[in-house]
């Protein structure tokens, strides 16, 4: 499985962030999609079936937060890999994310190379 065969969905309510992540990981050869709210993310997921979801937890003007959005995805897609990022690191949020057995949790602001290493590690599990 090449990087181009791996689909990644980025979800963040900050347009600049999803655009930058989309651009960076497209350059690394992944097939990428971006969403700015839970409705967009679920629509894209249902259409494209990405193997990796990289979601911000706190989403302004969204019906669901990132964790709830991923919970919806996981109902019928147990093998989808979840990576969360957030400025908020309160225990209850981290516990909610861990209940879903997410692959990793990054604290904003994070270094793009840190996210790259996490995504490469997640992609490696898909290739095995």
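Here, each number is a calculation from the coordinates, and none is a lab measurement. Since the structure is predicted, the reported quantities are computational estimates derived from the model, not experimental observations.
Below is a table of values for the structure above.
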read-out: Among 25, 55, 110: highest mean-square fluctuation, GNM of the chain, C-alpha pairs under 10 Å; value: 110
read-out: Value of relative contact order over the chain, rounded to a whole percent, pairs C-alpha under 8 Å and six or more apart; value: 21
read-out: Share antiparallel - DSSP beta bridges, the chain, percent rounded to 5; value: 0
read-out: Residue with peak Gaussian network fluctuation, the chain [Cα springs, cutoff 10 Å], from 47, 96, 74; value: 47
read-out: The chain - mean residue ellipticity at 222 nm from DSSP helices (-39,500 (n - 2.57) per run, n ≥ 4, rounded to 500); value: -14500 deg cm²/dmol
read-out: C-alpha center-to-center spacing [segment 1-61, segment 84-110] in angstrom; value: 17
